[in-house]
1. Which of rounded, prolate or oblate describes chain A when judged by the alpha-carbon gyration tensor and an a/c cut-off of 1.5?
2. Test of the criteria: in region A:683-742, which chymotrypsin sites (Phe, Trp or Tyr not before Pro) are in a DSSP loop and have at most 10 other Cβ atoms within 10 angstrom of their Cβ?
3. Which whole-number percentage describes the relative contact order of region A:224-310, with Cα contacts under 8 Å and a sequence gap of 6 or more?
4. Below 8 Å between Cα atoms, with a sequence gap of 6+, how large is the relative contact order for chain A in percent?
5. Once you mark the trypsin sites (Lys or Arg not before Pro) that are in a DSSP loop and have at most 13 other Cβ atoms within 10 Å, what is the longest gap between them in chain B?
6. What angle, in degrees between 0 and 90 and rounded to the nearest 10, separates the Cα long axis of helix A:527-567 from the longest principal axis of the Cα atoms of chain A?
7. So which cysteines of chain A have no other cysteine's Cβ under 4.7 Å from theirs?
8. For region B:110-185, rounded, prolate or oblate, judged on the Cα gyration tensor with a ≥ b ≥ c (square roots of eigenvalues), a/c < 1.5 rounded, else prolate if a/b > b/c?
Amino acid sequence: MDLLGNNKKQALPPLVKVLWVVVAITATLSLLYAIQYYLGGPFRLSVVAEIKSLDLSPDGTQVAAGNSEGKVDLWTVAAGIPTGVGKEFQVADEEPWPMRTLKIGAGEPVWATTFTPDGSTLVAVSADGLVKSWHVPDYGLLEEYGLPTRQLSDAALSDDGQYVAALDEDGTIHVFDRVAQQEVQSIGPSDESRLVVAINSDGTLVAAGEGIAALVWDVETGDQVQILQPYCDEPNLATEVACDEERADWLGHDEEVSALAFSPDGQLIATGSADTTVIFWHLDTGEVESSSVGHWSTVTTMTFSEDSAMMLTGGADYKVRDLRVAGGRSTAIFEGHLSDIQGVAYGPSDASIITAGDDGTVRVWETANQYLVHLEWSRLGLQPAWGRLLTIWMVVSGILSLVALAGLMRTRIWGHLLVLGLFILGPVVVLGLPLFETLTYPLSFMTKLQIAWPLILLAAWYIGICVLLTREPVALMYETNRDAALSDQIMVSRRTHRIRLGIYGVAVWIGLLVILYSVLRRFNLDIAFMGNWLEFIMQGSFITFYVSALSIVLAVFLALVGALGRLSKNPIANSASGFYISLIRGTPLLVQIYIWYLGLPRLNVVLDPRVAGILALGVNYGAYMTEIFRAGIQAVSLGQREAAQALGMDGFQTFRRIILPQAFRIVIPPIGNEFIAMMKDSSLVSVMAVQELTWRANKIGRQYFRGMETFIIAAAFYWILTVLFQLLQGRLEEYMARGERR
Amino acid sequence: MTEVISTPKQDQGEPIIRVRGLHKYFGALHVIKGVDLDVAPGEVVVVIGPSGGGKSTFLRCLNFLEEPSAGSIEIDGVVIKAREPAREQRRHIREIRQKAGMVFQQFNLFPHMTALGNIIEAPVTVKGVSKSEATEKAEELLEWVGLSEKRDEYPSRLSGGQQQRVAIARALCMEPKIMLFDEPTSALDPELIGEVTDVMERLANEGMTMAVVTHELHFARDVADRVILMADGVWAEVAPPQELFDNPKEERTKQFLAHIL
């Protein structure tokens, strides 16, 4: 008979029927949700609208933010923009600003939003090629202009709102006169990637990113007037390599230009890039005035102060920097946004700035202490990424539920396990992460609940299924086939039980990882910074591993010699070995490392620090492992030695062929243990400037005052190394124990 | 089979084992109190006696796993005296160990080697026999002890009786002149004893000189040429088996037999 399933009708416990129904409902609803979501249906997890452009009215009473859904959110600031009160932001203390929403286009992102200098008109451009203007106090629609170009990947407005620069999908730049409703210039397509377009305040110049360079054209003639591209400080050197050799500076971007701005005084143009730098160029010469580093990811948006002396930049590292154009030093960093920054603006006075981004919030910051003083949501909700993740999860959940349902119908164990795995792991990962993130929002508890209730409901539903699955009648039903032979039933039951424990185990691990992740998020970690330096620190893990591996080889050799000495009847060998162990175990490892490091050069022995590190670690661990080897050798029974001797083997042959292999099998687990300890103690050789994980984490952490971030990366890699090694160790032990298998 | 287990072709009158005045102390404890023994080639000598009587110690002294405190031992013409100069003694020990195979109560197979590996280990490392030659001989021996199909098994997967038979084959592969058995069946379950004693009996029939310490009186009666009852470190009685079992002369022998029969 088929062990795992038969098609005979059995009387089903009512609880099992309930489970079927519940899983069937889950499958249906999940798939329906996913289908209507992708068809643009009305039911969706409430997510924020990503803000793509931002402007403040000249009198400082209106804030306009164009979002990704073709709407411009408009806040009226009756009491004026707060200028900071020298304290941390508290939601409860703040009155929300009155808000209204203006619609533009069919739901494509609003790339540019601007108030005219007289404050009477608001103009906005959407990605589907619509330009609208509204009369400010009452927001009656003034004009609407449908551009001939319908798919814009970026757009910019001149300060007076008259000229619109639009970047086509094929890289063509069109300049339109909004008032005359006509195209004034078109600059042909490009093979290079053009991500961003900008137009100067009076609409006479237009600029666009061109790969790692940027080009500036005259709007009237369509002629290229300037190219901003990398060059060497030394005029005769044309390549980066030659420039480096002469120790001159190679000025320019390494990666695509992703943000552009003309200075109000017409002297400079600023470019931001995916290489995280901002560069100020002289518009008339194309030479670099200054450059600025400090973002840890792509620079996404920028704006000059009115006097052209300062600049605000926002990046995909969720940070906003205020920097001085002369010299490029930042004067302030504003941290707190939950996603990429898409709009920055100076407040009506020097005391405040306004920022907005993909996290759907508009934030007002006090410049002096970088406190958040006001926060508005374009719409309350989760981050858009979570909404997409949830929908993907719904598809997976729906399909897997159907499969599981098929398994359940035929009482197959895999159906049962699939349901269990699905409904334990799913909520933990897909619902756990966004739920924990909601907790970090600067909102009142009730508002958080308002945002997160669908997730909580869903989690509760899944947990309900899991509880149902673990009820005894259901579990019994799926553990074994009641008609099978008893021995088969027991075997299947045991296996099912084991797999189920495995699933629970994985779920608990992942759950704890999610909690760990959210706890770490609470530290306000600079994720973009971590991403930027991940590779550099990761390279240290190779060094950590091979330093540890070579050290353990040396330690094993020394431990073997030491153990033989300890076991020897020769008083010299015995005492020498005892002395070695006593000396090494009696002094701290760190002190030994310093002595190796400082002492060897005095003997005119200048070793590579890695070699010195391996010597220090190997000698130290050799002493500790001597005892392990001694115990291992002694644990081989006397009978083995006698048997070998009776066969005529001499001492060396006996040791080499009989004792050592058996001793090794005994000491492999403790050696593995020591190796794991050593991988972590190898962090101490960072004081010798061995460029392993800890050294790198320390160096970068100190340089940028981001020790927490770098050490978390290092810790993660130590952990990964340890886990990998444990897997390896299991294999090795299995191999060494081949004679013990039954 | 004769080419596998070499039978001594000596004059039957010349003993192959000659023990003179053997004493053994463990600290102050006098375990063997001066015994003499001559064993002729092809003879099977079984030592029985109460526990603690020194039987095993005596046997282990024969190949110097225990160093005798006084006396001399000659095996196949190699003489070792107790308290010889160390270097000379070491050379002699090596020589007699190659002439005397030994089988232990606890089998003492090497657990990290297969049955075949156990058997060829000593010929290859000690005698320098080529691996293929040793393997050929080992396979013959495995067949002789009836374990051909177990050649690649590790000892942990063999029963006690099978392990002991591998141990016998291992000792034989060194082509010894004599075989020493130290309670070879004591660690075995009763139903497994037969398979080991059968092998020993066949070995005896092929003319191997054997010294056996055992509690298997049936084996002693059926196979031994001479039985020695050892008690309190001396020979209590030495006689052919029928005589010793059916018609013991000494009081100590009667006591012992009364005790275990």
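None of the figures in this text is laboratory data; all of them are computed from the coordinates on show. For clarity, every value in this text was computed on a predicted model and none was experimentally measured. Virtual Cβ from ideal backbone geometry, glycine too; neighbours counted across all protein chains shown.
1. Oblate, because a/c is 1.5 or more while a/b does not exceed b/c.
2. A:F705
3. Relative CO of region A:224-310 lands at 24 percent.
4. Values: 1436 pairs, mean separation 72.7, N = 742.
Relative contact order of chain A: 10 percent.
5. On the way: sites that count: B:K9, B:R83, B:K249.
The longest uninterrupted stretch comes out as B:84-248.
6. Once rounded, the angle reads 10 degrees.
7. A:C466
8. Oblate, because a/c is 1.5 or more while a/b does not exceed b/c.
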